[in-house]
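A.B. asks: One structure, as structure tokens, below. Some questions next.
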Amino acid sequence: MELPLGQCHDSRSWDDDSDPESETDPDAQAEAYVARVLSPPKSGLAFPRPSQLSTPAASPSASEPRVASKVSAVSEPGLLSLPPELLLEICSYLDARLVFHVLSRVCHALRDLVYDRVTWRLRALRRVRAPYPVVEEKNFDWPAACIALEEHLSRWAEDGRRAEYFCLADGHLAAVDSVLLLQGGSLCLSGSRDRTVNLWDLRQLGTEPSQVLVKTLGTKRNSTHEGWVWSLAAQDHRVCSGSWDSTVKLWDLAADGQQFGEIKTSSAVLCLSYLSDVLVTGTYDKKVAIYDPRASPALLKCQQLHSRPVLALMADDQHIISGSEDRTLVVVDRRANRVLQRLQLDSYLLCMSYQEPQLWAGDNHGLLHVFVNRNGCLQLIRSFDVGHSFPITGIQYSVGALYTTSTDRSIRVHVPTDPPRTICTRKYDSTLNRVCAEGNLVVAGSGDVSLEVWRLPA
């Protein structure tokens, strides 16, 4: 997928709203949306697999800078009298977290050796044996990256044989389209086409199902919303759910999941981002809106930024990035209140995972794209075929791990190298919608009315 860089100085304000659309049946609208957006590309319109868009970094087998000797000379034979290369070889058999946090406290000589960035760069590249990371930013934290990589590789070693699998099938009556892990993976929220949002206690995995399912949010019997629940987001102990009934409902988990607010939107809510000061929504009627849940009225800004439904978005203190079925990616400057960039893509993005400044996104052709945010201007760095044959519905990226789900009924576990290396694949009988990973828990929503959960070694 070859993308233009787009204009980075579009000064248009985005306060002006458009006329609301006429009322439609939310269920019929949702069914038509799923049939159109989540269907695989037609066979006659196969999308070409991406060529590499930039020269990959040198492989770990290429020459690497040698670690400068920082171990003080000693007069008597001992551990510290060994060459630094041999000390590092010994350390390579020890857990990375132990080396960094414990061995560095033994003495100044070992501390200097352990704190050397080149030490951890070499160790990480030897573990993954591929170019890594895809984008190396200034002051990249190599020790943290190496620790995360080794933990991920250990947890999914031998095709994930050590991971415990649980299927939570007693809680929903229809497909689960959104999942969200909270409190380090202790709790989980799930939103379903049965119009409910369920709260699960994953610390009770392996016990009676009634112990795992805590409650269904809301006071209405067997219903949280009046339409399919499509999106979830959280800010500390406050969470929100977006639905095809054109509402966002707010819940306080510190108050036993009680509802503390409701926002009526202009159309079905397809994506959410919940920040400390605002709530951002992307809706079926092509709009991106900003709300302050604490104020009345809650709406702060709204504009139709796209010509088709908004499928995915993310927001931080500076920017809002939204992707649409119209195959555009728009960047908005929150503070200056203007559009910074509009990219025209060859496909539409269904899911995003943002770790500043990198945006990882999955599209309707089953491809994965990596963008870098440079002061509000997105640049496409790489595009990858990670093995999915149908649209990618969920993505979770971190410096040490990468997870993707797809309508091809699979979840794939990758190492985020260049290109990503798949280390485990699980196939199921139904579409997998969304994926979330936190702590040692990974959760995916299933079209087979269940939550698929993997508990990894701690």
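A.B. asks: Just to be sure I understand the model, the point goes 7 Å from the Cα along the line to the Cβ. What's the resulting TYR115 to ASP25 distance in nm?
C.D. replies: It is 6.8 nm.
A.B. asks: Still on this structure, please answer the following. Just to be sure I understand the model, the point goes 7 Å from the Cα along the line to the Cβ. What's the resulting LEU300 to ILE381 distance in nm?
C.D. replies: Taking the two extended label points, one gets 2.9 nm.
A.B. asks: Right, another one. Per residue and in Å³, how big is the convex hull formed by the alpha-carbon atoms of the range 347-431? Write down the numbers at each step before the final one.
C.D. replies: Working: hull volume 6.6 nm³, N = 85.
Looking at the range 347-431, the number lands at 77 Å³ per residue.
A.B. asks: At R0 = 35 Å, how high is the FRET efficiency between ARG126 and ALA35 if r is their beta carbon distance? Nearest 0.05 is fine. Can you show the working numbers first?
C.D. replies: Values: r = 48 Å, r/R0 = 1.36.
Efficiency, rounded to the nearest 0.05: 0.15.
A.B. asks: Further question on the same structure: Below 8 Å between Cα atoms, with a sequence gap of 6+, how large is the relative contact order for the chain in percent? Intermediate values should be presented prior to the final figure.
C.D. replies: Numbers: 1105 pairs, mean separation 78.6, N = 458.
Over the chain, the number comes to 17 percent.
A.B. asks: Here's something else I'd like to know. If you take the charge dipole of the range 163-455 about its Cα centre, with +1 on Lys and Arg Cβ and -1 on Asp and Glu Cβ, which of VAL197, LEU311, HIS414 is farthest toward its positive end?
C.D. replies: Projecting each Cα onto the dipole axis, the largest value belongs to LEU311.
A.B. asks: Moving on to the next point. Within the range 194-218, name every residue whose backbone N is under 17 Å away from a label modeled 7 Å from Cα of ASP236 along the Cβ vector.
C.D. replies: none
A.B. asks: Please report the accessible area of LYS286 (heavy atoms, 1.4 Å probe, ligands and nucleic acids excluded) in Å², nearest 10.
C.D. replies: My reading of the accessible area for LYS286 is about 50 Å².
A.B. asks: Right, another one. Test of understanding: what is the full-extension gain from GLU164 to VAL102, defined as 0.36 nm times their sequence separation minus their Cα-Cα distance? The partial results should precede the final answer.
C.D. replies: Working: separation 62, 0.36 × 62 = 22.32 nm, distance 2.97 nm.
Stretched out fully, the GLU164 to VAL102 stretch lengthens by 19.4 nm.
A.B. asks: Using the Cα centre of the chain as the reference point, and only Cβ charges (+1 on K/R, -1 on D/E), how large is the resulting charge dipole? Debye, rounded to the nearest 20.
C.D. replies: Numbers: 47 positive and 55 negative charges, 195 e Å.
About 940 debye.
A.B. asks: Can you give the calculated 222 nm mean residue ellipticity of the chain, where each DSSP H run of n ≥ 4 adds -39,500 (n - 2.57) and the sum is split over every residue, rounded to the nearest 500 deg cm²/dmol? Could the numbers behind the result be given before it?
C.D. replies: Values: 8 runs with 67 residues, N = 458.
After summing the helix terms and dividing by the residues of the chain, the value is -4000 deg cm²/dmol.
A.B. asks: Taking every pair of distinct Cα atoms and averaging 1/r, then inverting, what Kirkwood hydrodynamic radius in Å comes out for the range 81-156? Working shown, then result.
C.D. replies: Values: mean 1/r = 0.0775 Å⁻¹.
By the Kirkwood definition, the hydrodynamic radius is 12.9 Å.
A.B. asks: Normalised radius of gyration for the chain, please: alpha carbon Rg relative to 2.2 N^0.38 Å, two decimal places. Let's see the in-between values first.
C.D. replies: Working: Rg = 23.5 Å, N = 458, 2.2 N^0.38 = 22.6 Å.
Cα-based Rg divided by the globular estimate yields 1.04.
A.B. asks: I'd like the accessible area for CYS351, computed on protein heavy atoms only with a 1.4 Å probe and all protein chains in place. Round to 10 Å², please.
C.D. replies: Counting only protein heavy atoms, the figure is 0 Å².
The values are calculated or read from the model by the stated rules, or taken from the named source; none is laboratory data. Keep in mind the model is a prediction, meaning the values are calculated, not measured. No Cβ is skipped: glycine too gets one built from the backbone with ideal geometry, and neighbour counts run over all protein chains shown. We work out accessible area using only protein heavy atoms, side chains counted, and drop any ligands, DNA or RNA first. Shrake-Rupley method; radii C 1.70, N 1.55, O 1.52, S 1.80 Å.
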